[in-house]
Each structure stands twice: as structure tokens, then as C-alpha cells.
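Peer 1: Before we start, here is the structure in question, set down as C-alpha cells.
The values are calculated or read from the model by the stated rules, or taken from the named source; none is laboratory data. This is a predicted model, so every value here is computed, not measured. FYI the Cβ positions are ideal-geometry reconstructions off the backbone, even for glycines, and counts take in every protein chain you see. Heads up: the accessible areas ignore ligands, DNA and RNA and are worked out on the full protein's heavy atoms, side chains in. Shrake-Rupley method; radii C 1.70, N 1.55, O 1.52, S 1.80 Å.
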Amino acid sequence: MTEPTPSAFDKARTGLWVSLQKHLTAVYGAEKGFLAATSFTDSFPFSPAAASEEQLATYHAARLTLRDLYTDETAQLDTLVKAIRTKAYTEDEKKQLYLLLLGYMDIAAAAFELLHTHVPTRQPEDEELAATVARFERVRKFARLNVKGLAGLLG
């Protein structure tokens, strides 16, 4: 017997699942690097005077890597959410895709939170990071709203 041909939705769901797993690998790698770069201390915020110049340089490089990944991932998530919204999937199918995204976002958010917790006592303003945080939360709220649906809001 032959297996049924997967639907466009099944292909999209499988593709999204595989893609999110690859993205998680990148997030976990950046998180691991960032945690290794902060291993010189166990109290946060930390005093920059407690670290050598080399440790601070390693910290800043790892922080930049994680921050840039956060910005890139957020932009891609925003695009994915817009794509899901415009596809001709049923509402239940869209909810499944949004749930996959939300699961990924919850895991990734824990890694990206390190950008706020594992900091020196004096951290300069980072407007791009603030904009990324706001955009990430908007995307997450939009996905949650679509999973919950209008009935969930009224009930």
C-alpha cells in the first residue's frame, strides 16, 4: 500500500518543526557560550573590576552574539507569524503552527533573558535590544492571542 501524500499543512508543520529545532540548536549554542563567558562570577550584576580585560572582552563578544541572535530570531519569528496569518489554513491548523512557535519562543526567551540578568553593574543603554524585546513580546502576544482565539477572549 502507498502512503497518502502529505497535505500542504502537514508539510508546513513538519518544515516548521525541523526549522525550529535548528534554531534551538543555535540558541542553545549562544546561551552556552554566554554562560561560559560569565563563568568568572556567580553574582549578578557583576562588577567589571572583578574581571580581567580578557574576561570582559570574551563577555562582550558572547553578549553581542546572543543579542544579535535575539534580534535575528525575533525578525524571523515576526515574518513566520505574518506568513501563518496569511496562509489558507484552517483556524485549528494555524493554532497548531502558533503553538509550535510559542513553545520555541518560551524556550528561547529563557536564553535571551540572560541579556538582562547576567550584566555588569553599569550597562550602557541598548536601544536596539529594547526594540527587540518589545518586538519579541508583540510577536509572542499575537501568537498567544491566535491560539486562544476570539472565543477564548470572550469566555
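Peer 1: Given the condition open to solvent by 40 Å² or more (accessible area, probe 1.4 Å), outside any helix (DSSP H, G or I), of a type in the set (D, E, K, R) and modelled with pLDDT under 95, answer yes or no: does some residue in the stretch 105-122 qualify? Quick ask: steps written out before the conclusion?
Peer 2: At the first step, the residues of the stretch 105-122 found to be open to solvent by 40 Å² or more (accessible area, probe 1.4 Å) are 106-107, 110, 113, 116-117, 121-122.
Subsequent filtering for residues that are outside any helix (DSSP H, G or I) retains 113, 121-122.
Checking the rest, the ones that are also of a type in the set (D, E, K, R) come to 113, 122.
Filter once more, so that each one left must be modelled with pLDDT under 95: 122.
Yes; the residues of the stretch 105-122 include at least one that is open to solvent by 40 Å² or more (accessible area, probe 1.4 Å), outside any helix (DSSP H, G or I), of a type in the set (D, E, K, R) and modelled with pLDDT under 95.
Peer 1: Scan the stretch 20-46 for residues that are surrounded by 16 or more Cβ atoms within 10 Å (Cβ to Cβ) and either charged (D, E, K, R) or part of a loop (DSSP other than H, G, I, E, B) (or both) and jot them down.
Peer 2: Scanning the stretch 20-46 gives Glu31, Thr38.
Peer 1: Could you please tell me which pairs satisfy a Cβ distance under 8 Å, a separation of 6+ or placement on different chains, a first residue in the stretch 103-127 that is farther than 30 Å from Arg13 by Cα, and a second residue that is small (Gly, Ala, Ser)?
Peer 2: Qualifying pairs under 8 Å: Pro120/Ser47; Thr121/Ser47.
Peer 1: Scan the stretch 38-45 and tell me whether some residue there is among the hydroxyl-bearing types (Ser, Thr, Tyr) and closer than 27 Å to Val147 by Cβ. Before you say what the answer is, go through the steps one by one.
Peer 2: Step one: list which residues in the stretch 38-45 are among the hydroxyl-bearing types (Ser, Thr, Tyr), which gives 38-39, 41, 43.
Retained after the next criterion (residues that are closer than 27 Å to Val147 by Cβ): none.
There is no residue in the stretch 38-45 that is among the hydroxyl-bearing types (Ser, Thr, Tyr) and closer than 27 Å to Val147 by Cβ.
Peer 1: Does Glu91 meet the test of being under 30 Å from Asp10 (Cβ atoms), touching a helix residue (DSSP H, G or I) at 6+ places or on another chain (Cβ under 8 Å) and in contact (Cβ under 8 Å) with a residue 40 or more places away in the chain? Step through it out loud before you land on a result.
Peer 2: Details: under 30 Å from Asp10 (Cβ atoms): yes; touching a helix residue (DSSP H, G or I) at 6+ places or on another chain (Cβ under 8 Å): yes; in contact (Cβ under 8 Å) with a residue 40 or more places away in the chain: yes.
When the stated conditions are applied, Glu91 passes them.
Peer 1: Name the one entry in Tyr98, Tyr70, Tyr89 that is part of a loop (DSSP other than H, G, I, E, B) and either buried (at least 19 other Cβ atoms within 10 Å of the Cβ) or aromatic (Phe, Trp, Tyr) (or both).
Peer 2: Numbers: Tyr98 fails: part of a loop (DSSP other than H, G, I, E, B); Tyr70 fails: part of a loop (DSSP other than H, G, I, E, B).
That would be Tyr89, the only listed residue that is part of a loop (DSSP other than H, G, I, E, B) and either buried (at least 19 other Cβ atoms within 10 Å of the Cβ) or aromatic (Phe, Trp, Tyr) (or both).
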